[in-house]
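To start, the structure itself, in C-alpha cells.
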Amino acid sequence: MRAFTRIAAWCYALAVYGFIFLPVVVLVLFSLQSTSFPIPPFTGPSLRWYQAVLSDTRLTSALVNSLLVASISSAAAVTLGFLSAWGFARFHLPGSALLRGLITLPLTVSYLIIGMGLLVLFNSASVPKSLLAAGIGHVVINLPLCFAIIYSQMGDHQINIERAARDLGAPEWKVLLLITVPVMAPAIFAAFFLSMTFSWDEFVISFLLTRFDTTLPVEIWNLLRSGLNPKTNAVGSLVFAVSIVLVVFFELTLLRRKPA
Amino acid sequence: MSTPLVDIRDVSHRFGQHSVLKNVSLTIEPGSYTILLGPSGSGKTTLLSILGGFVSPSEGKVFIRGQDCTFVPPARRPTTTVFQDYALFPHMSVGANVGFGLRMRGVDGATRAAKVREALALVGLAAAFDKKPHQLSGGQRQRVALARALVVEPAVLLLDEPLGALDLKLRRQMQDELKAIQKRVGTAFVHVTHDQEEAMALADHCVVMNDGRIEDEGPPERVYARPATRFSATFMGESTILAGTVTEAKNGTIAVATSAGAVSLPGALQQGTTVALAIRPEHLVLGAASGAVALGQATIGDVVFQGSFKRVLATSALDPALQFIAKAPASAKVRAGDTIAVSCDASDIILLAN
C-alpha cells in the first residue's frame, strides 16, 4: 500500500513537471535539428540554426534592444519603487494604505489594457512609437512589482540604523546611499532581476509601442508569421536561457540572507 | 557660576492627546554621569530623544553649551546616541562603523583609521577592526556602538537602556566598564534605565522620573537615603510606607499618628497635615524592641533567603493593610507565622509630605 502511494506520488510529480517543462524541452530539442523542419524525427544535434540566428542582424539587434530596454527600464522601475517604498515605510502619509493600494494596482491590470492605454496617451501627446515608449511601458508594469518586493523587506529594524547614521552627521541623501540601499541590497537586486525577466519576455506592450526598432519577442513573432522553422526554436531557446539566468540571480539574491 | 552643559527648560511633550512629558526642567554638568531612572511610560526615553534631536518638544527649550538646540536635527547637534539595539551598520566592518561619524565630518582616511583604532582600544576591542558586526557577541556589539558614538567627541553621550539586552552577569560587568570609560574620557553621559541598581552604581546625578515628571534628583546616595517623594522612596529601593496625620508640632519635633501607633520625629509641619513615613528595609528592627520607635507587633508572612540577608514581609497586627518590608540578617531565626515586635530609630524615618 505504502509502495503504491509512493509510486503514485512519483507519477504525479512526473506528470506535473512534464506538463510544465515538456514544451520547453521540445523547443530546445528541435532547435538542435539539423534539417529544415522542427518536427520528428530528430536529426541533430547541430548548431546550424543558432549560427543562423547569430548571423541574422535583425534578430541580433532586436536582442541588443531587448537587453537595453530590460536593463534601463528595470533600473528606473527599481529606483522609483525603492524611493516610494522608503517614503511609505518611513513617513506618515495621509491615506497611506489607499496610496499603497493604488501603486500596486497595475499588477492586476492586463498588459494589453496598459499597452492600449499608453498607446492612446502617447498618440495624443504625439510621442512616437519607439523603444523609449516600450521602456516607459515596462516601467509602468514593473514599478508596482519592485515597490511590493522592496516595501515588504523594509522593516522597522532599519529605522534605528538610519537614525544612527543621521545622529553621526550624515545628510539624508548619504543615509539613503550609504546605509539604506546597501542594507536593502538583496531586495533591490531581487526586484531588479525579476523586473528584467518580465521586461525581457514582454510582448504585448512592446508590440503596441514600437515600430522599426523593436524587441526580441516582437521580432520572434514576425519570424513566426512566416511559419515554423528550427531558427525560431533556436532564438526561443536563447530567450529562455537568458530568463533562466535572470531568475537564478533573483532567487540567489532574495534567498541568500546575511545573518543579522 | 558657569552655564551648565545642557539646560532643559520647561519641556513638555504630547503624542496626540497623550501627554508624556509635563514641564520638565533639568541641567546637566560637564563631565557628569546622569541617569534617568523610571518605569516604562515615565517619559525618560522621550526626554532622551528630545536631547538627541529625534523628537522636537511640544513646548520648552533645550540649550546645549548655551546654544538653543531645540529644533536642531541630530546630525548637527553635539550629541551622539548609543541605541538600545546598538543599530550597527550590518554591511560595514567594525572599523567602518566606528569611523562613520568621522567620515561624515570629512576626516581623511589615515587620521580616521588612527582615531578608530584608539576608540576601539578604549572599549577593549582593538582586535575587532576588520570584523563584521554579526561576528561579534552582544557585549562586543555594545562596545562597538559605544566607540562609534564616542569617537566623534560629542559634548554629551546619550545611552538608551544600553545594558537592557545583556544578561545579568554581563550587565554588571559592562556597568563597571561604562563608568571607567566615562571617567577616562570625561564626556558627560546621560543614561536611561529602569534598573535602580544600575542607577545607583553608575550615577553622579540620579533623576527619578514618573508619569512625565521629575520626582526627585540628586546624588544617588541622597536620593536613596532621603527620597523627596513617595514614588522615589518605593522605586529607588523598597520602603515600608506609613500613612499618618500630624497631631502635635513643637520645638522642631512632630508627633504623627499612624495605624502602627504614634511616632515622634524631627520635622516642622503644621498640625493636621497628612504625611507619609517611609522606612528602608534595613532600618526596621525585628524582635526584641531595641529601636526607639515601637511600631507594634506583626505577623510574618513571607521569608525569602537572598544569600547575604533574608527579606521578610510582615503584616501589622494593628492594621492588616500595613505591610512591613524588612531585611533580617541571614542568621536571623524568623519563620512565617511568627508574631514579632517591629521597631526603628526616629532618625531613620523618612518624612514625605503628601
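The values are calculated or read from the model by the stated rules, or taken from the named source; none is laboratory data. Here the structure is a predicted model, which is why all the values come from computation and not from measurement. Note that each Cβ is placed from the backbone with ideal geometry, even for glycine, and that neighbours are counted across all protein chains shown.
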Exercise for the section: Among the residues of segment B:50-68, write down those that are surrounded by 21 or more Cβ atoms within 10 Å (Cβ to Cβ) and at positive phi. Expected result: B:Gly53
Fill in the blank from the handout: In segment B:69-94, residues that are free of Cβ contacts under 8 Å to residues at least 60 places away in the same chain, under 21 Å from A:Met184 (Cα atoms) and either facing another protein chain (nearest Cβ under 8 Å) or surrounded by fewer than 21 Cβ atoms within 10 Å (Cβ to Cβ) (or both) total 6
Practice task
Pick out the one residue from B:Gly164, B:Gly138 that is in contact with a strand residue (DSSP E or B) (Cβ under 9 Å, 6 or more places away or on another chain), assigned by TED's automatic domain parsing to the domain that holds B:Tyr224 and surrounded by fewer than 16 Cβ atoms within 10 Å (Cβ to Cβ).
Solution key: B:Gly164
Problem - Candidates B:Arg148, B:Arg141, filtered to the one that is within 14 Å of chain A (Cβ to nearest Cβ) and out of contact with any Ser or Thr (no Cβ under 9 Å at 6 or more places or on another chain) - result: B:Arg141
Practice task
Check segment B:188-200 and report whether any residue there is within 30 Å of the chain's Cα centre (by Cα), under 29 Å from B:Arg171 (Cα atoms) and free of Cβ contacts under 8 Å to residues at least 24 places away in the same chain.
Solution key: yes
Completion exercise
Taking first residues from segment A:213-224 that are at pLDDT 85 or above and second residues anywhere that are surrounded by fewer than 20 Cβ atoms within 10 Å (Cβ to Cβ) and in a helix (DSSP H, G or I), the pairs with Cβ under 6 Å that are 6 or more apart or on different chains are A:Val218/A:Phe207
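Here is a yes/no grid of residues against (1) assigned by TED's automatic domain parsing to the domain that holds B:Ser19; (2) farther than 23 Å from B:Glu153 by Cα; (3) surrounded by 15 or more Cβ atoms within 10 Å (Cβ to Cβ); (4) among the polar types (S, T, N, Q):
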site	(1), (2), (3), (4)
B:Gln182	yes, no, yes, yes
B:Ala188	yes, no, yes, no
B:Met200	yes, yes, yes, no
B:Ala203	yes, no, yes, no
B:Met209	yes, yes, yes, no
B:Arg213	yes, yes, yes, no
B:Pro220	yes, yes, yes, no
B:Arg226	yes, yes, yes, no
Practice task
Out of A:Ala191, A:Ala165, A:Ala187, report the one residue that is small (Gly, Ala, Ser), within 14 Å of another protein chain (Cβ to nearest Cβ) and touching a residue at least 40 places away in the same chain (Cβ under 8 Å).
Solution key: A:Ala187
Problem - From the options B:Ala145, B:Ala199, B:Ala180, B:Ala149, residue that is in a helix (DSSP H, G or I) and touching a Cys at 6+ places or on another chain (Cβ under 6 Å) - result: B:Ala199
Exercise for the section: State the number of residues belonging to segment B:15-54 that are within 14 Å of chain A (Cβ to nearest Cβ) and either farther than 28 Å from B:Glu197 by Cβ or assigned to a strand (DSSP E or B) (or both). Expected result: 3
Exercise for the section: Scan segment A:175-184 for residues that are surrounded by fewer than 20 Cβ atoms within 10 Å (Cβ to Cβ) and at the interface with chain B (Cβ under 7 Å from one of its Cβ atoms) and jot them down. Expected result: A:Pro182
Fill in the blank from the handout: Note: among A:Tyr111, A:Tyr151, just one is away from every other protein chain (no Cβ under 14 Å) and farther than 30 Å from A:Val64 by Cβ, namely A:Tyr151
Exercise for the section: Could you figure out which of (1) more than 16 Å from the chain's Cα centre (by Cα); (2) closer than 15 Å to A:Ile141 by Cβ isn't true of A:Gly95? Expected result: (2)
Practice task
Quick one: count up the residues across segment B:111-136 that are among the basic types (Lys, Arg), under 24 Å from B:Gln173 (Cβ atoms) and either more than 14 Å from chain A (Cβ to nearest Cβ) or in a helix (DSSP H, G or I) (or both).
Solution key: 1
